[in-house]
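For reference, the structure is listed below as structure tokens.
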Amino acid sequence: MLACALALAVSSPQARAAASGASLFQQPRYAAFLADADTGEILYARHADEQRFPASITKVMTIYLLLERVAAGTMSLDDQIVFSRNAAARPPTKLGIPAGDSITVEQAVRALATRSANDVATAVAERLAGSEDRFGELMTERARQLGMRNTRFVNASGLPDARQVTTARDIYLLSRAFIESFPQYYRYFQETEAHVAGQMLRNHNGLLRTTRGVDGIKTGFTRAAGFTLAASAIRDGRRLIAVVLGGPSREARDSNVDALLNAGFSVMAARQRGSSLHVADMLAEPADLNDFLLTSLVEQGSAEPPRTSRRR
């Protein structure tokens with residue numbers, strides 16, 4: 001199968017011009033998964049069941065558990081989430097809400113989906129479970145119920161912890177479950193900007209602005225995890241979900257997901273024409289776009305590292 005010999009295409013001319021280095025397949029943390037969200041058909045998988053660190057994709061589960069309460073009627077979007085000293089002290093990326101102050105549940109969801117705020121994640125965990133440790137247990141329990149067999153959560157944010165692991169396949173299952181369970185709330189992941197607590201928050205998922213059909217779901221980054229992204233797109237009535245973990249840079253990760261989605265939709269279109277085509281047939285050898293000095297970046301469980309840390 002060509003999947004074992006090919007890596008994923010870098011989609012933009014600018015990226016190709018800047019390309020240098022090794023294939024994504026040579027990145028030790030790299031894993032990828034692409035599937036049809038409607039049928040569950042697997043279109044592409046690479047190291048799909050090998051454990052990786054999720055970084056801020058973790059917050060999809062945090063939002064999931066919060067919105068379960070809303071859907072059950074035990075909480076409302078207008079309920080308040082108060083920030084403890086512990087929550088307020090979480091490192092960036094964060095909203096910076098002082099201890100004792102609060103935001104609404106809806107504001108919390110929007111801040112998690114766009115800014116990937118770590119202080120908000122901890123405040124939500126404490127509100128729902130009394131402590132973040134207990135919330136991690138609830139997250140893991142829910143993960144098992146969703147079929148995420150190789151995932152363990154210990155915190156609500158994705159901040160570095162060697163015990164917090166997942167797989168590309170499991171993140172696909174979580175993303176699919178969220179879209180299916182909360183179609184009325186999935187729109188929060190579609191916002192390119194959100195106004196919360198007097199701040200304008202810009203969504204870290206750049207594919208919302210660059211890749212046709214993309215309407216969610218979540219990015220992440222830590223030095224240990226690399227650059228992570230689960231993205232969903234819908235074209236011609238079909239929805240695909242792509243997951244990439246362990247990308248060496250933001251550009252490589254985004255280009256990889258873009259290539260996966262484009263290849264997947266091309267396969268769907270070819271099938272309608274009666275042609276036999278596989279995602280691996282659509283891929284070409286990429287370059288590793290290491291244009292960030294990862295050692296200089298702040299651990300933020302999120303979000304995206306500062307754009308000022310470019311290599312000179």
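Each value in this text was obtained by applying a stated rule to the coordinates, not by laboratory testing. Treat the numbers as computed from the prediction; the structure is a model and nothing was measured. Here Cβ is always computed from backbone atoms with ideal geometry, including for glycine, and neighbour counts include all displayed protein chains.
Quick notes on this structure:
- Pairwise label distance in nanometres, His278 with Arg69, each label 7 Å out on the Cα-Cβ vector: 4.7
- Relative protection proxy for 34-40, 123-129, from highest mean packing down: 123-129, 34-40 (other beta-carbon atoms within 10 angstrom).
- Whole-percent P(r), the range 2-296, all Cα pairs, 5 Å bins from 0: 1, 6, 13, 17, 19, 17, 12, 8, 5, 2, 1, 0, 0.
- Distance between the pseudo-spin-label points of Arg149 and Asp101 (7 Å out from Cα toward the beta carbon): 4.6 nm.
- The alpha carbon centroids of the range 254-282 and the range 35-101 are separated by 30 Å.
- Shown here for the range 133-237: trypsin sites (Lys or Arg not before Pro) in loop regions (DSSP other than H, G, I, E, B) with at most 16 other Cβ atoms within 10 Å, namely Arg149, Arg163, Arg212, Arg223.
- Percentage relative contact order, the range 118-185, counting C-alpha pairs under 8 Å, at least six apart: 26
- Computed E for Glu50/Arg202 - FRET, C-beta separation, R0 35 angstrom, nearest 0.05: 0.65
- Between Glu180 and Arg223, the modelled labels are 3.9 nm apart [label points 7 Å from Cα along Cα→Cβ].
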